[in-house]
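Have a look at the structure below, then the notes.
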Amino acid sequence: MSKIDQFESLFRSADKPPFKLEPVDVSDILIVTDMDQNRTTEFAEQAKAFLSALDTPKPVRYSQICGDEFSTVQQLLDRLENPRPDLVCTYRNLHAETADHPFSLGAYVNVLTQATEIPTLLLPEPKVLANADPSPLADKTKHVMVVTDHLAGDHHLVSMAVRFVEDGGELILSHIEDQKAFDRYMTAIDKIPDLDSELARKTISDQLLGEPKDYIESCRLVLQEHGVANTITPLVTFGNRIEDYRHLIEDRHIDLLVMNSRDDDQLAMHGVAYPLVVELRKTPILLV
């Protein structure tokens, strides 16, 4: 067997798990702000309206924590333990002046997303909502996009996203392969005389894009079997992940991004997630 045949055999033998819809319960939602009671209630009403299409197995229960109820990260973490919510809804730079930290999430959000396993929904900050016309929350969750660099097999992320799409809405399942990384590997393969570099390029490209495409099709079929009537839109390509996602979000008028907040092998925000969360301050983002 030639080396390129070995490459092809290896890729073809890769596991291709079909989608499994996981049970997801986000019916107990805690809203956290750094504002007083009245302004917290106002923000909570905006959040409730945005999440009005949320699909949960039991009625949604909302509770809230105001700014005077915590002043340290540990105090907030303690409040999350009793009772423990299914979802935290908040915004960036709690107890900090946003103007002083324009490219920061703030200590509280950093810890929420990295030191707990509670999904966190980041909405635009109250000042952004007050000055925006139209509001970033106006269309609710009509267009929801899953953002990941390894979609195939991520059942939990997709299952979570499905719960947030309003009836008749669109769920975009995206997977963008890093074009620069691919080109770098292809350049190395070009220098190996025994390998057919053109065949390698096609075989590897087809495999890298084929797996997420197959997985998205399995998502569509399984969701259809479960009576989910939303449009499932595949988006699989090579490109610059950060730049392409930024354009996609603007061009497709995305109402909610859903992405993983942690890498499995490190206590840090997922590589694709962090720059998007920092830059896209007007787009609601669910970190799972």
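The values are calculated or read from the model by the stated rules, or taken from the named source; none is laboratory data. This structure is a prediction, so every number in the text was calculated from the model and none was measured. As a convention, Cβ positions derive from the backbone with ideal geometry for all residues, glycine included, and neighbour counts pool all protein chains shown.
Worth a mention:
- Odd one out for Q224, checked against (1) loosely packed, with under 13 Cβ neighbours inside 10 Å; (2) in contact with a strand residue (DSSP E or B) (Cβ under 9 Å, 6 or more places away or on another chain); (3) touching a residue at least 12 places away in the same chain (Cβ under 8 Å): (3)
- Matching residues, region 197-212, being touching a residue at least 12 places away in the same chain (Cβ under 8 Å) and either aliphatic (A, V, I, L, M) or buried (at least 16 other Cβ atoms within 10 Å of the Cβ) (or both): L199, A200, R201, T203, I204, L208, L209, E211, P212
Condition check ((1) assigned to a helix (DSSP H, G or I); (2) modelled with pLDDT under 95; (3) of a type in the set (F, W, Y)) across all residues:
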| position | (1), (2), (3) |
| --- | --- |
| I4 | yes, yes, no |
| F7 | yes, yes, yes |
| L10 | yes, yes, no |
| K20 | no, no, no |
| M35 | no, no, no |
| F43 | yes, no, yes |
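- Restricting attention to region 167-179, the residues being at pLDDT below 95 and either surrounded by fewer than 23 Cβ atoms within 10 Å (Cβ to Cβ) or basic (K, R) (or both) number 5.
- Within region 232-249, considering residues that are surrounded by fewer than 17 Cβ atoms within 10 Å (Cβ to Cβ) and in contact with a strand residue (DSSP E or B) (Cβ under 7 Å, 6 or more places away or on another chain), the one modelled with the highest pLDDT: T233
- Failed item, numbered, when T33 is tested on (1) within 24 Å of H143 (Cβ to Cβ); (2) of a type in the set (S, T, N, Q); (3) touching a strand residue (DSSP E or B) at 6+ places or on another chain (Cβ under 8 Å): (1)
- Those helices (runs of 4 or more DSSP H) of region 58-170 in which 1 or more residues are more than 15 Å from the chain's Cα centre (by Cα) and free of Cβ contacts under 8 Å to residues at least 40 places away in the same chain occupy 73-81, 107-115, 126-131.
- Leading residue by the ranking (farthest from K20 (Cα to Cα)) among those in region 194-238 that are in contact with a helix residue (DSSP H, G or I) (Cβ under 8 Å, 6 or more places away or on another chain) and acidic (D, E): D194
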